[in-house]
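**Student:** The following block contains the structure, expressed as structure tokens.
What follows is calculated from the coordinates using simple rules that are stated; it is not laboratory data. Model, not experiment: these values are computed from the prediction. Quick reminder, even Gly has a Cβ in these numbers, built from the backbone with ideal geometry, and neighbours come from all protein chains shown.
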């Protein structure tokens, strides 16, 4: 850092003050010139500059050694400065650390996804996901669970007579999967879709039956004739889907602790790909869940003078069930939101074989305004307003037309305006879903801005 008589000056002094006010460990020391000496005149430095770094043992050798906490402190400091903050509570800073099992610093979006993706929550079985969301929120956030299983967090309140718009942001917790409908005499499980899907994506895959006694390994059976030349995937009754747990009788199934009503999913994990790409299953809508969690951290505390509610909803894949319950309750209370920002997948044609005439949004190019989907049309002036808000905050944004519905449409009948947001997703509702984590970042950022300034 630049010093005069041992005291930081200029930008160095600003950063020192920022670090001290946020209890970030920082030291000052001498360093080599940024630009090596030369026979030529050195180029001018910017009016405000500073040289920052972290201490390194054995530099320029294969044995370089650092303390990772120094790197986290530097990241936190730069994040605070670029956000224009002068004093932000410790739990709002980046780089997740835990104390007594409680997250005390802002986890990165990748860290959030690494926790949310392995949790399982078929429609009507969202409990494990809900618990993970609650654990990932900062301690100031006190969400409540309603009768429909939705997790509801009031992040802003207003006094009577305040004319700020009432805003609700919603993302769903459930994922597609199966539910045990009956147990056949030969010990196989007859199952039905929860949320629907393409059988060819899941048949022949290993599966997990989620029972009270823990997860049990299983296999989704292939349909009869699957290996014959003229085979076509069945489009008939749902009870054509069967799952094999290795049992031969209903009694053996009972010994495994499996019962009618248990949920079944395909195993999954968060898998980093090259660069900022990642693979997993149930990014729909764990990316939305993660973006809301990240936005709550960025808000750094309850908003004053703003009426803002965040909802992690249930049963979206079954027909917007959780969102419909919230809308009905708020309408009965006379608190229906003016604007609902439904955060869900933008099912994208960004893959090698699909036509770009529909759902054309590239992964890695920013969050997407779902201007038109199967359930809603966003007014064009509000599309433009969202784009301008993103540009003003240097947030990459796209907009377009895609399929599927969104939770916000459940509020429209009561007078709300539905502004659906999303991120481009490759290979939707399959075990091979692909995202770009830069889109998750942009989504979290625009939600934060909307909560503060819409």
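**Student:** From Cα pairs below 8 angstrom and at least 6 apart in sequence, can you work out the relative contact order of the range 177-265, rounded to a whole percent?
**Tutor:** Details: 179 pairs, mean separation 39.0, N = 89.
Relative contact order, the range 177-265: 44 percent.
**Student:** Here's something else I'd like to know. Quick one: length gained pulling residue 158 to residue 81 fully straight, 0.36 nm per residue minus the C-alpha distance? Intermediate values should be presented prior to the final figure.
**Tutor:** On the way: separation 77, 0.36 × 77 = 27.72 nm, distance 2.92 nm.
Extending this stretch completely gives an extra 24.8 nm.
**Student:** Another question, if that's okay. Which value in nm describes the separation of the simple spin-label points at residue 48 and residue 271, placed 7 Å from the Cα toward the beta carbon?
**Tutor:** For residue 48 paired with residue 271, the spin-label model returns 4.5 nm.
**Student:** Given the peptides 128-136, 362-370, 178-186, arrange them by the average over their residues of other C-beta atoms within 10 Å, most packed first. Before the final figure, lay out the partial values.
**Tutor:** Details: 128-136: 18.8, 362-370: 23.1, 178-186: 16.4.
Descending mean neighbour count gives 362-370, 128-136, 178-186.
**Student:** Here's a follow-up. For a quick protection proxy, order the peptides 140-150, 116-126, 302-312, 50-60 by their average other-Cβ count within 10 Å, most packed first.
**Tutor:** On the way: 140-150: 15.5, 116-126: 22.9, 302-312: 20.0, 50-60: 11.5.
Per-residue mean Cβ counts within 10 Å order the peptides as 116-126, 302-312, 140-150, 50-60.
**Student:** Classify the range 266-421 from the C-alpha gyration tensor, please: rounded if a/c falls under 1.5, else prolate or oblate depending on whether a/b exceeds b/c. Can you show the working numbers first?
**Tutor:** Values: a/c = 1.41, a/b = 1.40, b/c = 1.01.
In terms of gyration-tensor shape, rounded.
**Student:** Could you tell me which of rounded, prolate or oblate describes the range 227-334, using a ≥ b ≥ c as the square roots of the eigenvalues of the alpha-carbon gyration tensor, with rounded for a/c under 1.5 and, failing that, prolate when a/b is larger than b/c and oblate otherwise? Please report the intermediate quantities before stating the final value.
**Tutor:** Values: a/c = 2.28, a/b = 1.71, b/c = 1.34.
The shape class here is prolate.
**Student:** Right, next: Between residue 389 and residue 329, what FRET efficiency comes out of the Förster formula 1/(1 + (r/R0)^6) with R0 = 30 Å and r the beta carbon distance, rounded to 0.05? Numbers along the way, then the final one.
**Tutor:** On the way: r = 29 Å, r/R0 = 0.97.
Result of the calculation: an efficiency of 0.55.
**Student:** Still on this structure, I have one more. What does the extension gain come out to for residue 212 and residue 38, with contour length at 0.36 nm per residue minus their alpha carbon separation? Walk me through the intermediate numbers first.
**Tutor:** On the way: separation 174, 0.36 × 174 = 62.64 nm, distance 7.23 nm.
Using 0.36 nm per residue and subtracting the Cα-Cα distance, I get 55.4 nm.
**Student:** Once the Cα atoms of helix 380-392 and of the chain are each reduced to a long axis, what angle between those two axes, in degrees from 0 to 90 to the nearest 10, is obtained?
**Tutor:** It is inclined by approximately 40 degrees.
**Student:** Share of antiparallel DSSP beta bridges in the chain, in percent to the nearest 5? Kindly include the intermediate steps, with their values, before the conclusion.
**Tutor:** Values: 43 of 68 bridges.
Antiparallel: roughly 65 percent of the beta bridges in the chain.
**Student:** Where a ≥ b ≥ c are the square roots of the eigenvalues of the C-alpha gyration tensor, would you call the range 346-454 rounded, which needs a/c under 1.5, or, failing that, prolate if a/b is larger than b/c, or oblate? If you can, show how the numbers build up before the last one.
**Tutor:** Values: a/c = 1.80, a/b = 1.24, b/c = 1.45.
It comes out oblate by the Cα gyration axes.
**Student:** A further question follows. Per the helix-only calculation at 222 nm, which mean residue ellipticity applies to the chain, given -39500 (n - 2.57) for every DSSP H run of n ≥ 4 and division by its residues, nearest 500 deg cm²/dmol?
**Tutor:** Details: 11 runs with 117 residues, N = 454.
Mean residue ellipticity at 222 nm (helix-derived): -7500 deg cm²/dmol.
**Student:** Helix 283-299 sits at what angle to the longest principal axis of the chain, using alpha carbons and giving 0 to 90 degrees rounded to 10?
**Tutor:** In the chain, helix 283-299 runs at an angle near 30 degrees to the longest axis.
**Student:** Follow-up. If you fit an axis through the alpha-carbon atoms of helix 68-82 and take the longest principal axis of the Cα set of the chain, what angle between them do you get, 0 to 90°, nearest 10?
**Tutor:** Here the helix axis deviates by roughly 80 degrees.
**Student:** Next question, about the same structure. Highest mean first, how do 419-432, 270-283 rank when packing is the count of other Cβ atoms within 10 Å averaged over residues?
**Tutor:** Details: 419-432: 23.3, 270-283: 17.6.
Ranking the peptides 419-432, 270-283 by packing returns 419-432, 270-283.
**Student:** Here's another thing I want to ask about it. Calculate, in nm to one decimal, what residue 14 and residue 140 gain on full extension: separation in residues at 0.36 nm each, minus their alpha carbon distance. Don't skip to the end; give the middle numbers.
**Tutor:** On the way: separation 126, 0.36 × 126 = 45.36 nm, distance 2.82 nm.
Extra length available between residue 14 and residue 140 comes to 42.5 nm.
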